[in-house]
Amino acid sequence: MKKLLLAIALIACSVGYAQQTPVTKANYELAERFSAKKVGQMVFSTDVRPNWFKNSDKFWYTYKTTNGTEYYIVDPVAGTKKKIWDMGKLAAEISAITKDPFDAQHLPLQRLELTDNDKAFTFEVRTSIMVPKKEKKGEKKRPGKPQKENKVFRFKWDIAQGKLTDITEQEKEKDYPRWANVSPDGKYAIFGKNYNLWYMDMENLKKAMEDEKDSTIVEHRLTTDGTKEFPYAGRGMYGGNHEEDTTKRTGAYVCWSPDSKHFALTRNDMSNIKELWVIDVLANPRPKLEGYKYQMPGEPGPKEYLYLFNFEDKSSRTIDIAAFKDQSVSIERKPVTITERTYMEYVPMQWLGDNSKFYFTRQSRDQKRVDLCSVDVATGECKTILHEELNTYVETREFVFLNNGSEFVHWSERDGWAHLYLYGADGTLKNQITKGEFHVENVVGIDEAKRVVYFTACGREKGINPYYMYLYSANLDGSNVKLLNKGDYDNKVNMSDDNRYFVNNYSRVDCTPKTSLYDNTGRKIMDLEEADLSQLFARGYKFPEIFTVKAGDGITDLYGVMYKPFDFDSTKLYPIIEYVYPGPQTEANNSSWSKGMDRVDRLAQLGFIVVTVGNRGGHPNRSKWYHNFGYGNLRDYGLEDKKVAVQQLAARYPFINGKKVGIHGHSGGGFMSTAAILKYPDFFTAAVSCAGNHDNSIYNRWWSEQHHGVLEEVSEKGDTTFKYSINTNQQLARNLKGNLLLVHGDIDNNVHPGNTLRVVDALIKANKRFQMLILPGQRHGFGNMTEYFFWRMADHFCEYLIGDSEKEEIDIKQMNNN
């Protein structure tokens with residue numbers, strides 16, 4: 001019966017192909033029209049980012065369209081939205097003061113801040129003035145052309161009076177240096193130097209804010225035993241992008257107690273971690289070797305220590321936190337509110353807890369066990385409050401404490417879905433807050449007086465794409481769960497600190513992004529903005545289409561997006577390309593509209609149907625089963641779903657050529673696309689694989705061990721080792737039949753170029769033809785060669801899927817400049 005159905009499907013496809021005219025000529029001009037640079041000149045703001053006032057529920061925001069940028073103040077209580085100023089009048093005033101011409105559409109305001117207790121704004125305007133040519137030291141004075149020099153004007157805008165004041169000559173209040181970790185009482189700053197901890201008082205910090213090289217600055221050393229491989233502060237051996245000047249002050253990641261009398265920090269001993277290298281062949285005057293610490297799967301891990309410092313007597317102690325071999329440790333930090341994030345003012349880095357205790361988490365090397373622990377400041381005693389354990393891996397979110405630390409809300413996937421649980425401070429479970437077949441993403445806020453929690457979640461609304469995120473409220477006892485932003489959209493919310501109002505940015509891939517304002521009952525107060533896509537549509541843009549197919553098991557729904565050429569002709573037969581990222585921390589499939597088009601919309605304009613679709617083992621925002629489907633099979637788990645998705649689409653749509661199939665991806669997608677063309681050599685015709693982690697035994701241990709698994713073994717002597725084994729792409733090299741292009745940046749220190757070169761070695765030994773592109777001087781994302789890469793990818797797919805080998809010359813430099 002199965003054979004009969006397959007024969008009928010093949011006949012149907014053959015009849016369909018006979019009625020369609022294959023695409024034989026690539027449309028380079030249409031793809032050139034939608035470069036990242038050009039799209040950035042047609043589409044500007046697509047969401048509202050509110051800056052909440054400190055002393056009211058008002059907020060301000062900026063929004064840019066093809067008519068320029070506007071600035072608004074919104075009052076949710078009054079239900080009003082007003083422009084902060086008239087851009088034309090403001091431009092005229094600033095032009096008169098600066099002597100530089102500006103107009104309403106071209107007024108570059110910078111460093112806009114709300115000041116004076118929410119009563120005024122300050123901002124800067126940079127101008128160019130002509131000054132006499134400056135002679136170099138020792139150079140004779142002689143006539144020369146004037147030079148342009150930037151001058152910064154500072155202004156203040158009184159909101160109530162609508163008055164502009166030039167404050168350029170007034171002394172500007174300086175921000176703390178980035179290296180200063182200032183105590184909550186504002187009296188001291190801790191920083192790093194020579195891999196050790198130092199501190200200075202506020203008087204000397206102010207000197208440093210004026211001139212960091214001031215010889216009168218007094219600084220004091222807190223530690224003396226920090227080294228490059230075992231630092232208290234500084235980058236040490238963690239990375240190799242830049243050489244570190246250890247004589248300069250650097251940041252120190254310490255967490256203060258609320259009363260500023262203590263602080264804690266974690267310190268990592270990296271001496272067990274081996275080095276890895278890349279060679280910067282473009283360095284002058286000769287190629288340069290870059291070395292950096294890089295732990296691979298199964299190798300010994302860093303030793304992590306937790307220190308507690310008494311800042312009053314400058315003493316310290318090491319807290320006994322040993323529980324797991326090669327465990328990772330993280331101090332829980334006090335959450336920073338939206339208002340604090342909005343303002344330029346310094347927000348102290350404080351631990352989660354009070355003056356008598358603080359909290360930290362520790363996780364086992366295999367990531368199957370996680371503890372929430374507390375440390376008693378007086379005794380240094382470590383106590384386990386909560387223990388989580390799973391057979392795959394445990395993921396966590398921020399612990400949210402309430403009622404003066406007597407309760408906390410915990411996010412957990414223990415029942416197969418991500419949900420919220422209410423605990424007492426001693427770790428006693430009070431109740432499960434949310435339950436059901438849906439995924440809770442984050443806690444947005446808690447109203448302690450009303451005992452209501454606000455949280456984002458997806459998958460709860462039946463008949464709606466399960467990836468669409470929504471905002472909900474619920475009582476802490478689990479009752480009265482309520483949806484607050486109804487609609488068939490993906491939502492991104494920003495809630496006020498008092499949880500009374502939220503700004504809702506919503507869209508789908510097939511509609512224009514919009515923004516509205518709601519109160520915490522779900523009542524819409526007003527619409528705020530709609531993205532301006534007019535110039536994009538004027539150039540021929542069309543929205544993509546949403547589809548659903550079944551996974552390889554015939555049961556699981558997979559959600560995808562189809563991108564067509566904007567000059568799509570239903571009578572033609574188009575090759576199909578899958579843009580892939582296998583997860584498991586995300587998928588390549590968009591839920592909201594995005595102006596990032598290079599890998600999808602733009603690629604389709606050459607004459608392809610481009611699709612993105614999920615796969616079992618992909619996105620974490622579904623069930624734990626879905627997310628962990630690929631655990632223990634990190635190479636092959638998603639490949640079947642990619643194949644059957646294309647087969648279903650080709651059977652469903654006569655304009656898709658199921659015999660000309662391409663696949664493309666970057667990083668994990670590079671790994672997946674190569675695996676696909678090697679695993680199914682008779683199905684995939686062409687692949688472009690970028691920066692792929694083809695051999696995860698030489699990729700970083702955190703990603704590889706978490707998503708594939710690592711075996712912890714304890715010998716009879718009590719020695720613990722970790723064993724890791726995963727199938728690689730080079731093991732499949734002999735299967736290659738299609739057309740494979742491998743691409744890598746030669747100084748990629750995330751996914752080392754050795755990943756691609758190992759596949760190259762295996763292909764050569766198997767006597768296979770393939771193509772390779774090495775991008776010199778490029779890291780993982782290809783940097784300033786992204787545009788060049790796009791056209792080489794275009795050439796590859798056009799030749800092997802369309803049959804058009806007449807590659808058009810594109811002026812890359814002009815594309816980057818226009």
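Rg/Rh for segment 32-108: what does it come to with C-alpha atoms and Rh from Kirkwood? Kindly include the intermediate steps, with their values, before the conclusion.
On the way: Rg = 15.7 Å, Rh = 14.6 Å.
Checking Rg against Rh, the ratio lands at 1.08.
As a test of the formula, what do you get for the chain when each DSSP H run with n ≥ 4 contributes -39,500 (n - 2.57) and the sum is divided by the residue count, at 222 nm and rounded to the nearest 500 deg cm²/dmol? It would help to have the intermediate numbers written out before the result.
Working: 15 runs with 131 residues, N = 818.
Counting only the DSSP helices, I get -4500 deg cm²/dmol.
Round to a whole angstrom and tell me the spacing of the C-alpha centers of segment 539-616 and segment 508-523.
24
For Lys288 and Val152, what is the calculated FRET efficiency with R₀ set at 35 Å and r taken between the beta-carbons, to the nearest 0.05? Please report the intermediate quantities before stating the final value.
Numbers: r = 36 Å, r/R0 = 1.03.
The computed FRET efficiency comes out at 0.45.
What percent does the relative contact order of segment 159-279 come to when contacts are Cα pairs within less than 8 Å and at least six residues apart? Each step should come with its number before you reach the end.
On the way: 175 pairs, mean separation 31.2, N = 121.
With pairs under 8 Å counted, the relative contact order is 26 percent.
Which of the three applies to segment 318-423, rounded, prolate or oblate, going by the alpha-carbon gyration tensor with a ≥ b ≥ c and a/c under 1.5 meaning rounded? Mind showing how you got there, number by number?
Working: a/c = 1.74, a/b = 1.25, b/c = 1.39.
It comes out oblate by the Cα gyration axes.
Treat each spin label as a single point 7 Å out from the Cα along the C-beta direction, and report the Thr216 to Lys659 distance in nm.
Rounded to a tenth, the inter-label distance reads 8.5 nm.
What are the semi-axes of the equivalent ellipsoid for segment 488-602, taken as the square roots of 5 times the Cα gyration tensor eigenvalues, largest first, in whole Å?
Details: eigenvalues 196, 86, 28 Å².
Taking √(5λ) for each eigenvalue gives 31, 21, 12 Å, largest first.
Can you give me the Cα centroid spacing of segment 33-51 and segment 728-762 in angstrom?
With segment 33-51 and segment 728-762 each reduced to a Cα centre, they are spaced 34 Å.
Using the Karplus curve 6.51 cos²θ - 1.76 cosθ + 1.60 with θ = phi - 60°, work out ³J(HN,Hα) for each residue of segment 422-428 in order, rounded to whole Hz, and write x for Gly and Pro.
9, 10, x, 4, 8, x, 7
In a shell of Cβ-Cβ distance under 11 Å around Asn475, excluding Asn475 itself, what net charge do Lys and Arg (+1) and Asp and Glu (-1) give?
Working: positive: Lys450, Arg451, Lys482; negative: Asp447, Asp477.
Spelling it out: positives minus negatives among the neighbours equals +1.
Say each of Ala538 and Thr379 gets a label point 7 Å from the Cα, pointing the same way as Cα to Cβ; how far apart are those two points in nm?
Going by the 7 Å Cα→Cβ label model, 7.3 nm.
From the Cα gyration tensor of segment 713-794, with a ≥ b ≥ c the square roots of its eigenvalues, which class applies: rounded if a/c is under 1.5, or else prolate if a/b is larger than b/c, or else oblate? Walk me through the numbers before you get to the answer.
Working: a/c = 3.68, a/b = 1.61, b/c = 2.28.
Because a/c hits 1.5 or more and a/b fails to exceed b/c, segment 713-794 counts as oblate.
With equal scatterers on the alpha carbons only and no solvent term, can you work out the Debye log10 of I(q)/I(0) for segment 664-818 at 0.20 1/Å?
Relative scattering, expressed as log10 I(q)/I(0), comes to -1.25.
Say a paramagnetic label sat at a point 7 Å from the Cα of Arg317, along Cα to Cβ; which residues of segment 258-281 have their backbone N under 19 Å from it?
258-267
Between Ile764 and Ala96, what length comes free when the chain is fully extended (0.36 nm per residue of separation minus the Cα-Cα distance, one decimal in nm)?
Numbers: separation 668, 0.36 × 668 = 240.48 nm, distance 6.91 nm.
Result: 233.6 nm gained on full extension.
Rg/Rh for segment 532-688: what does it come to with C-alpha atoms and Rh from Kirkwood?
Numbers: Rg = 15.2 Å, Rh = 15.8 Å.
So for segment 532-688, dividing Rg by the Kirkwood Rh gives 0.96.
Return the Rg/Rh ratio of segment 610-731 with Cα-based radii and a Kirkwood Rh.
Numbers: Rg = 16.9 Å, Rh = 15.9 Å.
Value, to two decimals: 1.06.
Pairs of Cα atoms under 8 Å, at least six residues apart: use those to get the relative contact order of segment 601-700, whole percent. Don't skip to the answer; put the middle values down first.
Working: 125 pairs, mean separation 18.5, N = 100.
For segment 601-700, the relative contact order is 18 percent.
Projected area of segment 381-462, taken from the Cα convex hull and averaged over every viewing direction, in nm²? List each step's numbers first, then the result.
Numbers: hull surface 25.6 nm².
About 6.4 nm², averaged over all directions.
Using 0.36 nm per residue, how much length does the chain from Thr720 to Phe568 gain when fully extended, once their Cα-Cα distance is taken away? Working shown, then result.
Numbers: separation 152, 0.36 × 152 = 54.72 nm, distance 5.98 nm.
In short, 48.7 nm is gained.
Under 8 Å for C-alpha pairs, at least 6 residues apart: give me the relative contact order for the chain, rounded to a whole percent.
On the way: 1802 pairs, mean separation 82.7, N = 818.
Computed value for the chain: 10 percent relative contact order.
Test of understanding: what is the full-extension gain from Asp225 to Arg397, defined as 0.36 nm times their sequence separation minus their Cα-Cα distance? It would help to have the intermediate numbers written out before the result.
Details: separation 172, 0.36 × 172 = 61.92 nm, distance 3.38 nm.
Stretched out fully, the Asp225 to Arg397 stretch lengthens by 58.5 nm.
Rounded to the nearest 5, what is the percent of antiparallel bridges among the DSSP beta bridges in the chain? List each step's numbers first, then the result.
Values: 147 of 175 bridges.
Bridges in the chain are about 85 percent antiparallel.
Please report, in whole Å, how far the alpha carbons of the chain spread along each principal axis, starting with the longest.
Here the spans come out as 82, 80, 68 Å, largest first.
What spacing in nm lies between the two simple spin-label points modelled at Asp166 and Met526, each 7 Å away from Cα in the Cβ direction?
3.4
What are the semi-axes of the equivalent ellipsoid of segment 22-69, taken as the square roots of 5 times the eigenvalues of the Cα gyration tensor, listed largest first and rounded to whole Å? Working shown, then result.
Details: eigenvalues 329, 23, 8 Å².
Listed largest to smallest, the semi-axes of segment 22-69 are 41, 11, 6 Å.
All other residues with a Cβ under 13 Å from the Cβ of Gln432 taken together, and with Lys, Arg as +1 and Asp, Glu as -1, what is their net charge?
Working: positive: Arg414, Lys430, Lys435; negative: Glu413, Asp415, Asp477.
Charge balance near Gln432 sits at 0.
How high is the FRET efficiency between Glu545 and Ser271 when r is their beta carbon distance and R₀ equals 60 Å, given to the nearest 0.05?
0.65
How long are the semi-axes of the ellipsoid equivalent to segment 480-555, from square roots of 5 times the Cα gyration tensor eigenvalues, in whole Å, largest first? The partial results should precede the final answer.
On the way: eigenvalues 158, 101, 13 Å².
Ellipsoid half-lengths, sorted descending, are 28, 23, 8 Å.
Based on the Cβ-Cβ distance from Leu711 to Asp477, what FRET efficiency comes out when R0 is 41 Å, to the nearest 0.05?
Values: r = 42 Å, r/R0 = 1.02.
Between Leu711 and Asp477 the formula returns 0.50.
What is the ratio of the Cα radius of gyration of segment 412-455 to 2.2 N^0.38 Å, with N the residue count, to two decimals? Spell out each step's value before the answer.
Values: Rg = 11.0 Å, N = 44, 2.2 N^0.38 = 9.3 Å.
It is 1.19.
In a shell of Cβ-Cβ distance under 13 Å around Thr685, excluding Thr685 itself, what net charge do Lys and Arg (+1) and Asp and Glu (-1) give? Write out the running numbers ahead of the final one.
Details: positive: Lys643, Lys659, Lys660, Lys737; negative: Glu578, Asp682, Glu799.
The answer is +1.
Rolling a 1.4 Å sphere over the protein heavy atoms, what is the accessible area per residue of segment 435-531, to the nearest Å²? Write down the numbers at each step before the final one.
Numbers: 3950 Å² over 97 residues.
Ligands and nucleic acids excluded, the figure is 41 Å² per residue.
The values are calculated or read from the model by the stated rules, or taken from the named source; none is laboratory data. From a predicted model like this one, the values you see are computed outputs, not experimental measurements. When we count neighbours, we look across all protein chains shown, and the Cβ atoms used for this are built from the backbone with ideal geometry, even at glycine. Accessible surface areas use protein heavy atoms only, side chains included; no ligands, DNA or RNA. Shrake-Rupley method; radii C 1.70, N 1.55, O 1.52, S 1.80 Å.
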